[in-house]
Amino acid sequence: MEQNEYDNIIVAYEPVWAIGTGQTAEENQILEAHNLIKKTLKSIFDNNIPTLYGGSVTADNASLLIKIDHVDGFLIGGASLKSESFCQIIKNIT
């Protein structure tokens with residue numbers, strides 16, 4: 001793989017138990033998972049691949065979740081279906 005092709009890779013992590021439940025993982029769970037993902041990706045690609053967190057990201061929790069180490073952004077599910085909530089997430093993290 002050429003170096004510039006790494007720019008096309010993004011990895012998203014969502015705990016299987018969080019899918020469609022409205023439950024968000026605890027900060028330490030997210031940190032542990034993202035640390036492992038980053039370490040694994042670094043060993044394979046020797047590059048910094050962005051990792052997204054998905055798992056009931058909302059306007060209420062986005063500003064806290066984005067501060068967790070190695071969370072580079074979000075994979076937003078249900079909240080993306082309503083433009084107001086989606087826009088509020090963006091406002092809360094920028």
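Here, each number is a calculation from the coordinates, and none is a lab measurement. Note that the structure is predicted; figures quoted are calculated from it, not measured. Cβ coordinates were reconstructed from backbone atoms using ideal geometry, including for glycine residues, and neighbour counts include every protein chain displayed.
Miscellaneous remarks
- Angle between the chain longest axis and helix 83-93 axis [Cα atoms, degrees, rounded to 10]: 60 degrees
- Dipole magnitude for the range 3-93: computed about the Cα centre from +1 point charges on Lys and Arg Cβ and -1 point charges on Asp and Glu Cβ, it is near 80 debye.
- Degrees between helix 27-45 axis and first principal axis of the chain (Cα, 0 to 90, nearest 10): 30 degrees
- Over the chain, relative contact order from alpha-carbon pairs under 8 Å, at least 6 apart, %: 30 percent
- Set of aspartates and glutamates near K39 by C-alpha distance (under 13 Å), chain-local residues within fewer than 8 positions excluded: D69
- 3J(HN,Hα) couplings calculated from phi for the range 60-73 with the Karplus curve 6.51 cos²θ - 1.76 cosθ + 1.60 (θ = phi - 60°) are, in sequence order, 6, 10, 4, 5, 7, 5, 5, 7, 6, 3, 6, 8, 9, x Hz; Gly and Pro show x.
- Given 13 as the ceiling on other Cβ atoms within 10 Å, longest exposed-site-free region of the chain for GluC sites (Glu not before Pro) in DSSP loops: 27-94
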